[in-house]
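Undergrad: Below is a structure I'd like to ask you about.
The values are calculated or read from the model by the stated rules, or taken from the named source; none is laboratory data. If you're wondering where the values come from, they're calculated on a predicted model, not measured in any experiment. We work out accessible area using only protein heavy atoms, side chains counted, and drop any ligands, DNA or RNA first. Shrake-Rupley method; radii C 1.70, N 1.55, O 1.52, S 1.80 Å.
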Amino acid sequence: MDSERAEYLVERYADLLVRIGRTWLGDWDDAQDVCQTVLIKLLEHPREFPDQGQERAWVVRLAVNQCKNWKKSAWVRRRAPLEEGLSLSAEAPEPEDGSLLERVQALPPKYRAVIHLYYWEGYDQGEIGEVLHISRTAVQTRMARARAMLRKELSDDEQLLAHDGTGSNE
């Protein structure tokens, strides 16, 4: 393998691959495994592209496909979270509630993917359609539904704060 090519791929795409993996899989360790797998595939089967935009779209497509394969694998389907197997004597602290990223991660995968590609990766709706192999209309529909879900979650939180006495109307 060409070390210069490996260095180029890691510098250019490692962060992107980990972010996509984290978005699709919800776990940093799995995301890093997906990143490594995609980088190895890119090194073992190099392709030439007329411009960097097409190369980036290809890398994103490989990452999404690898995430889908990862989720279908027997290893992932049969494993259980570590917390289920442990008897903890002390309660673990809860993650910070209410973060937008946490809300996006809780969306169903097809909605989470379009939101991630649009807001975090900067793709336009046409490019997202090409990457996910869906129509531009489907991208628009998924984005609208995802935004509506997020809006509902955020408004529910505001109502809860107003009703439990921690809101500003005290």
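Undergrad: Of the conditions (1) open to solvent by less than 20 Å² (accessible area, probe 1.4 Å); (2) under 11 Å from the mean Cα position of the chain (by Cα), R22 clears all except one; give me its number.
TA: Every listed condition holds for R22 apart from (1).
Undergrad: Considering (1) assigned to a helix (DSSP H, G or I); (2) open to solvent by 20 Å² or more (accessible area, probe 1.4 Å); (3) at pLDDT 90 or above, say which one G129 fails and leave the rest.
TA: Of (1) assigned to a helix (DSSP H, G or I); (2) open to solvent by 20 Å² or more (accessible area, probe 1.4 Å); (3) at pLDDT 90 or above, only one is false for G129: (2).
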